[in-house]
Amino acid sequence: MPVLIVDGKELPGKAGTNVLEALLSAGVDMPYFCWHPAMGSVGACRQCALLQYANDEDSHGKIVMSCMTPVTDGARFSVSADRASGFRRAVIENLMLNHPHDCPVCEEGGECHLQDMTVMVGHRDRRYQGRKTTFKNQYLGPFIGHEMNRCITCYRCVRFYQDYAGGNDLNAFGSRDRIFFGRAESGVLENEFAGNLVEVCPTGVFTDKTLAKNYTRKWDLQSSPTICQGCSIGCNTYTSERYGQLCRVHNRYHQDINGYFLCDRGRFGAQHVNSPARIPQPGIRNEEGKYDPLSLDDAKAKVRDFIQHSSRTIGIGSPRASLEANQALRQLVGAGNYSNGMSRNEQVMHQIILDVLASGMKTPTLAEVAEFDAILVLGEDATNHAPLLALSIRQAVRNRSKEMAGDTDIAEWHDAAVRELAQDALSPLVIATPMPDRLDDVASQSLRLAPEEIVALSTEVSMYLSAGSESTASQASSVAQGLAELLRDARRPLIVSGTSLGDINIMRATVNLSLALQAVNPEAGILLAADECNSVGMAMLDNRLSVEELVDRTPETMIVLENDLESRLGAEFAKKMSAVRHLVVLDYLDNATVSVANILLPAASFAEAEGTFINFEGRAQRNLAVFLPQGSIAPSYYLLSTLNDDCLNDSFNDSLNNSTESVSSSHQARVQTIIESIRDEFSPLKRIDECAPDADFLVLGSKIPRMTHRASGRTAMQAEVSVHEPKQPVDTESALAFTMEGNQQQAPASLRSYVWSPGWNSNQSIYKFQTEVGGADTMGNPGVRLLQGDAMPAPFTIAPTTAAQISTGPRFVAQHHIFGSDPVSSQAQELSTRIPTPYVRMNTETATTLGVSGGDGLACQLPHKRIELSVILDDDVAAHCLVYPKLVQTIGLADVAPGDLQRIAGWQGPKDPLKPNLILTDRTG
Amino acid sequence: MVELISILIIYGVLLGSLTGAAILIWFERRLLGIWQDRLGPNRVGPLGIGLALADVIKLFAKEDWIPPFADRLMFVLAPMAVMIAMLMGFAILPYAPGIHVADLNIGLLFFLGMTSLAVYSVLLGGLSSNNKYALLGGLRAAAQMVSYEVFMGLSLMGVVMLTGSFSLVEIVNYQQEHTWFIIPQFVGFVVFMIAGIAESHRLPFDLPEAEHELVAGFHTEYSGMKFGMFMVGEYLGVILISAIIAVIFFGGWLGPDFLPPIIWFAIKTFIFICFFILLRAAIPRPRYDQLMSFGWKYMLPLTLINLLATGAIVLWLQA
Amino acid sequence: MINTIWSQLVTLYRVLLHTFTPADTVQYPEEMPYLAPRYRGRIVLTRDPDGEERCVACNLCAVVCPVDCIALQKTEDQDGRWYPEFFRINFSRCIMCGMCEEACPTYAIQLTPDFEMCEYDRQKMVYEKEHLLISGQGKYPGYSFYGVAGKTIKGKAKGEALNEEEPVDIRSLLP
């Protein structure tokens, strides 16, 4: 290991990294702006300057940029030399010349990297008295605010947006001191990862508009480590609250999953917690179909009464609810009357994922995806269904450029040089989907195939691979041959698929292909994206009874946990629901099932309840409550387990506070009891309690605080109610406390509720919690991967589909949308403005057979609702496919025969259904 | 008739001394205020004199608290002891010719005995409280008062030698015939004065209380009227010592005829009370070891020399 | 030793002389003391020369408050100005240390020479914005934060603040 000598002290370095990384990894406070741990160095900001000495005798040295200097053994540097620190101070002074006097009215203030660095180098007084350059701002959509005057031209935004996330509508304009970062004209930033600009920008040019609405400085936010509920990836997030309102979601670094970035669904979708559609109190449906409010005790008594007097009570769980809530329901109704809330189709698909994860096949983490040098995507719309997967794939295609850099002795972190060298050279990425894909721009080959054709192609490739070269060569198509050879010859090939098309055969074919590939290329990997945040967990918990099977058993009472059954039952939803005598629904947001419930129980959202979620790779992760639910809202597991044990307690909050007296004795957190029952009952889940310490965990004798040590307003926040300050609420359910007292710095990563380090108020302080830059957490990466095995599954037998068997009639294909396909995040106020209006997309040929043209309106009538769609003509859609967005409005469309669609006369649809007409209410001056 | 008069005198002395002690609470604050360029208590009643009454009412109305960890019997007895001992001291004072409670031929010894008894009060209060501050205060009080008692008694022996009697009336009468003892017994006066301050543990010798170090010393745990008794006891001590100084060294009731003798007695006593308060206003508290070494190394030899010299002179005069 | 005794006697004499010096005590409330303008008493929120609230709800006063007695929430008006939706000071906790005034970047929060604010009911010591906000500018007349800041509000476009150039034409590539 190379050793650097910095200011006379020896620091360990790592070959292939730069000096800045070595300094930061060693914990040195080194200022920087343009370097980003995930994006490498470009040497644009000149902030990380230090002195390099030629040898022992050299006492003068030369100024070099640490981010541009490779680590070499025995190299001598000085960080603290006057010339180096003076240089850094001068650089900041220059950057601050045009910086506006904005900090008090800037959303970044208090967690601003520029503020931190200015303080760190000691620049205090403004000497420049001249005039400041100004810029006009742009409207960048409902998520991101723009305040260009604050820019210090570090280029991080465009480097992230264009180079890392593949966006093309943010750019640098102008020249010299008039560089402007923005769009060619005002408009919504289209990239799905645009929200990361908030965290990437070292100052306040790009700010979070959803935070600005309930604006709170970082030091006042009460936060906790949470798991994103948007998709199956299970990104780690910090969710923050103040005054009972969810303020924002920030990235929580996890080496193996999300790294430094989140998608916009995850970042802005959590605003659903503040939605006016939240269910605030228990309700009972009266004759008019309206809900009368009810006390929680009365509601529970009613439910108990239903259960006791019903011949059969069934419980329908949910893949978007926690394992604990599902287990509580399962214990309440009995294993034979419980379904995990997935339809038959979903259960089979997730069983396949489970089998793959538990086998010896190579199932990479998201971080590992970036290391594969050939990727085949089969029917998975990663950007919309599992967005962070798409981001990882985007990094994987850069492996070609890294190879080229290796050949020419250019370091990988030398970002601009590597990109300049590689130009358009990318590793092969083949995408086979029925509709255009966001990754098409980096794909070496995009195949537009109907789902059955994808299965056929995949089968063909696997047969070619397993049969050896010549014998079947003549039978296989040239596309399949090309693919097979590409995968076979790659150093590390990866096959990606998932549940996004809802087609079991695609997943089976993917597994078969992967098995065949692993036989010839043992480095091959397989990645299957699951559907919802806890789908894999549900398959592990109890995958026996599907929703359809259970509902068909004519239950008298049905308890539905956080599940919109309309999306499982489709067109039959209304009929099946009316057959149930007592429908009890626990949920936090309004949906079709809620609106037909007899008794409604207000469940807590993810930000108000503990819960364990298992992501697509079988990693169990604990989500911790950020704040206490208001009124009679309570976590689902609490509602269900109290139904079970007759505990009478009107309020969850009271139950927490009343239990304090018995903490020392035999009290055990309710959630912990459920976790232990899961652990004891299901052997694959026996390591579930390793994912986070339980409620008894202490650091230096106290629980871990949710607030920062400098949270303000404690004695005034509630003073308008009563000047006598209430006791802080007690949290007996988790190892976190609603307090600012305690040690946050030494908390394990699964319990750390924010990142902060002295002098580092921004999220850049994360390096203080990493073993090395971009490395593992100092306290160990949170979460635990439950499934590992070494046996290979037997290949699935798929009825061989030949070209002749592929149906030529039009068929519906549902497409996920990052904004809109998740019913929960769709209720977030800002995010809902970006949901597309229902449409159907087809190529011209299919449109001709159906007799429609672009801009027409089509409609169909379901038993309980009517669906209207605008027609979009797009020749990049596979033949015979009618692609429609998977939205709340379009649930049930899959059950309709395409022939039943009626043309709407005189249809006046939206101009561009894919891009909703956002109202430009912002001032953009 | 004679019995009636003596009963009236007894009640008069009792009432007068207690009222005096109460008024002293106000008077001391007022005087301290003047010397520290403040006003002192001036809100309750004319010139704030109502403060004395308010203070008494407050003390009576406060919760009578006995700590559960204290020795109950001793805790209750201690404040009574100081008050009783001090009040007994007033019995032998000659206020004016014929106005006295008792003219004991061992009057001076009786006075010394009573002041010695007061030590028990402080000691018991300190020990029975079962509190570290009180314990330290009690220990300090015991050592300080036992030490200073030695030369307090010895300093008066010069007067006794010259008078040839322990009776205070005799002492005053002797001064009428000869001269006030302040002149022949100046050293005795100074030593008695200093020892008197130490005996009544007034500032600057209030080390048993020493609120900067020991919270409130021996009476840390006391409240209500029990604390009140300690306080009244202290003020009674001030009056008693002042009166004794006036009687022994300044001729008691003696004075020109334009004022009645009792007024002369009161004026002299009053001046010494003021002097006590002036000491409090001006002199800082010594360290405890300084107090002890001052007593044993300077006061005791000085007293003994004074005693020897007086004895020599008495013998020389008789010869 | 002699010096020590002499020193004590001089002390007694000097203190005794104070019998004849007048008392320094000010007889409040009959007699009101002079309080300097910078006296740290009751806290007010001031307005800028345009009559708009100076407070921009930056939260610095709240975070610097050692007893955490200030709570506020930022919101934004139609003109783009930040202002506090509510601004609450719990004077029953306030220690009048003046740190909030020191921290305030807009001269909005100011301490005044008024300390007579006792109540028998502690609840009445909780002051809301309507109790705190005054009509005037307080100690710093003429200062307008938005005249200096780069953020645009209605009536002040980009480039119109103190020491600002006209907004850049980003289409120009001229050197």
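A short reminder: the numbers here are calculations on the coordinates, not readings from a lab. Just so it is clear, the structure is predicted and the values come from calculations on it, not from any experiment. Every residue, glycine among them, receives a Cβ derived from its backbone with ideal geometry; neighbour counts consider all protein chains shown.
Sorted from longest to shortest, the spans of the Cα atoms of chain C along the three principal axes equal 94, 50, 28 Å.
To the nearest whole number, what is the average tally of beta carbon atoms from other chains within 10 Å of the beta carbons of peptide A:103-115?
Working: counts 4, 14, 16, 5, 2, 0, 4, 4, 0, 0, 0, 0, 0.
For peptide A:103-115, the averaged partner shielding equals 4.
Our summary gives chain B a relative contact order of 23 percent, counting only alpha carbon pairs under 8 angstrom and 6 or more residues apart.
Using Cα pairs under 8 angstrom and six or more residues apart, how large is the relative contact order of chain A, in percent? Can you show the working numbers first?
Details: 2050 pairs, mean separation 131.7, N = 925.
About 14 percent, as a whole number.
So which DSSP H runs in chain B come out at 15 Å plus along the axis (Cα) with average Kyte-Doolittle of at least 0.0? Display every interim value, and only then the final one.
Working: long enough: B:2-35 (45 Å, 1.58); B:50-61 (16 Å, 1.71); B:72-89 (27 Å, 1.97); B:107-128 (32 Å, 1.74); B:132-163 (46 Å, 1.10); B:186-199 (19 Å, 2.23); B:224-249 (37 Å, 1.90); B:261-282 (32 Å, 2.04); B:300-318 (27 Å, 1.69).
Correct list, ordered by number: B:2-35, B:50-61, B:72-89, B:107-128, B:132-163, B:186-199, B:224-249, B:261-282, B:300-318.
Using only the alpha-carbon atoms of the stretch B:261-300 as identical scatterers, what base-10 log of I(q)/I(0) does the Debye formula give at q = 0.23, 0.27 Å⁻¹? These q points yield log10 I(q)/I(0) values of -0.78, -0.84. Stretching residue A:1 away from residue A:590 to a fully extended chain increases their span by 206.2 nm, per 0.36 nm per residue minus the current alpha-carbon distance.
Taking 0.36 nm per residue of sequence separation and removing the Cα-Cα distance, the residue A:904/residue A:575 pair yields an extension gain of 115.8 nm. Taking a point 7 Å out from the Cα of residue B:7 in the direction of its Cβ, none of the residues of the stretch B:89-118 has a backbone N less than 16 Å from it.
Hey, how much of the P(r) for the stretch B:79-228 falls beyond 25 Å, as a percent of Cα pairs?
Values: 3982 of 11175 pairs.
So the portion of pairs separated by more than 25 Å is 36 percent.
Overall size of the stretch A:109-154 from C-alpha positions, given as principal axis extents largest first: 37, 27, 17 Å. Note on the stretch A:235-334: Cα convex hull, mean projected area over all directions, 9.6 nm².
Using Cβ point charges alone (K and R +1, D and E -1), the dipole size of the stretch A:460-562 about the Cα centre works out to roughly 480 debye. Panel values: the stretch A:159-213, Kirkwood radius from alpha carbon pairs, Stokes-Einstein at 37 °C and 0.692 mPa s, translational diffusion coefficient 272 µm²/s. In this label model, residue A:421 and residue B:61 are separated by 9.1 nm, measuring between points 7 Å along each Cα→Cβ vector.
For the peptide A:120-133, the mean number of other protein chain Cβ atoms found within 10 angstrom of a residue's Cβ is 2. Across the stretch A:806-903, Cα-Cα pairs farther apart than 22 Å form 28% of the total. For GluC sites (Glu not before Pro), no site in the stretch A:669-760 is both called loop by DSSP and has at most 10 other Cβ atoms within 10 Å.
Summarising the strand pairing of the protein assembly as shown, around 60 percent of its internal DSSP beta bridges are antiparallel. Across the stretch A:409-533 the C-alpha pair distances fall into 5 Å bins from zero in the proportions 2, 10, 18, 21, 19, 13, 8, 6, 3, 0 percent. Here is how the number arises for chain B: DSSP H runs of 4 or more residues each give -39500 (n - 2.57), the sum is divided by the residue count, and the result at 222 nm is -23500 deg cm²/dmol.
Ranked by the mean number of other Cβ atoms within 10 Å of their residues, highest first, the peptides B:47-59, B:19-31 come out as B:19-31, B:47-59.
With both labels modelled 7 Å from their Cα along Cα-to-Cβ, the residue C:2 to residue B:212 distance reads 2.9 nm. Mean per-residue shielding of peptide C:64-73 is 6, counting Cβ atoms of other chains within 10 Å of each Cβ. Shape summary: the stretch A:290-439 maps onto an equivalent ellipsoid whose semi-axes, from the alpha-carbon gyration tensor, are 50, 17, 14 Å in decreasing order. The mean of 1/r over all pairs of different alpha-carbon atoms in the stretch A:45-86, once inverted, gives a Kirkwood hydrodynamic radius of 10.5 Å. Since only A:80, B:150, A:42 are under comparison, the one whose Cα sits farthest along the positive direction of the charge dipole of the protein assembly as shown, derived from C-beta charges on Lys, Arg, Asp and Glu, is B:150. Beta bridges assigned by DSSP with both partners in the stretch A:363-523 are antiparallel in approximately 0 percent of cases.
Please work out the FRET efficiency for the pair residue A:124 and residue A:186, using the Cβ-Cβ distance as r and a Förster radius of 45 Å; give the result to the nearest 0.05.
On the way: r = 37 Å, r/R0 = 0.82.
My answer for the efficiency is 0.75.
The trypsin sites (Lys or Arg not before Pro) of the stretch A:99-174 that meet both conditions, a loop assignment by DSSP and at most 14 other Cβ atoms within 10 Å of the site Cβ, are A:124, A:126, A:127, A:131. In this simple spin-label approximation, residue A:523 and residue A:351 carry label points 7 Å from Cα along the Cα→Cβ vector, and these lie 3.5 nm apart. Ignoring everything except DSSP H segments at least 4 long, calculate the 222 nm mean residue ellipticity for chain A; use -39,500 (n - 2.57) per segment, divide by total residues, nearest 500. Result for chain A: -7000 deg cm²/dmol, rounded to the nearest 500.
Assign one of three labels to the stretch A:869-919, namely rounded, prolate or oblate, based on the Cα gyration tensor with a ≥ b ≥ c the square roots of its eigenvalues; rounded applies when a/c is under 1.5, prolate when it is not and a/b is larger than b/c, and oblate otherwise. Cα axes put the stretch A:869-919 in the rounded bin.
For the pair residue C:148 and residue A:630, what calculated FRET efficiency results from E = 1/(1 + (r/R0)^6), where r is the Cβ-Cβ distance and R0 = 30 Å, to the nearest 0.05?
Values: r = 40 Å, r/R0 = 1.35.
After rounding to 0.05, the efficiency reads 0.15.
The alpha carbons of the stretch A:3-95 give a radius of gyration and a Dmax of 12.3, 37 Å, in that order.
Lys/Arg Cβ at +1, Asp/Glu Cβ at -1, dipole of the stretch A:363-523 taken about the Cα centre: which of A:439, A:406, A:449 is farthest positive-ward? Most positive-ward Cα: A:449.
Treating r as the C-beta distance of residue B:146 and residue C:14 and R0 as 30 Å, the FRET efficiency rounds to 0.30. Decide, for chain A, between rounded, prolate and oblate: order the square roots of the alpha carbon gyration tensor eigenvalues as a ≥ b ≥ c, take rounded if a/c falls under 1.5, and otherwise choose prolate if a/b is larger than b/c, else oblate. The shape class here is oblate.
Out of all DSSP beta bridges in the stretch A:3-95, what portion is antiparallel? Express it as a percent rounded to 5. All intermediate terms of the calculation are to be shown ahead of the outcome.
Details: 13 of 15 bridges.
Here the share of antiparallel DSSP bridges comes out near 85 percent.
Estimated translational diffusion coefficient (Stokes-Einstein, Kirkwood radius over Cα pairs, 37 °C, 0.692 mPa s) of the stretch C:65-137: 242 µm² per second.
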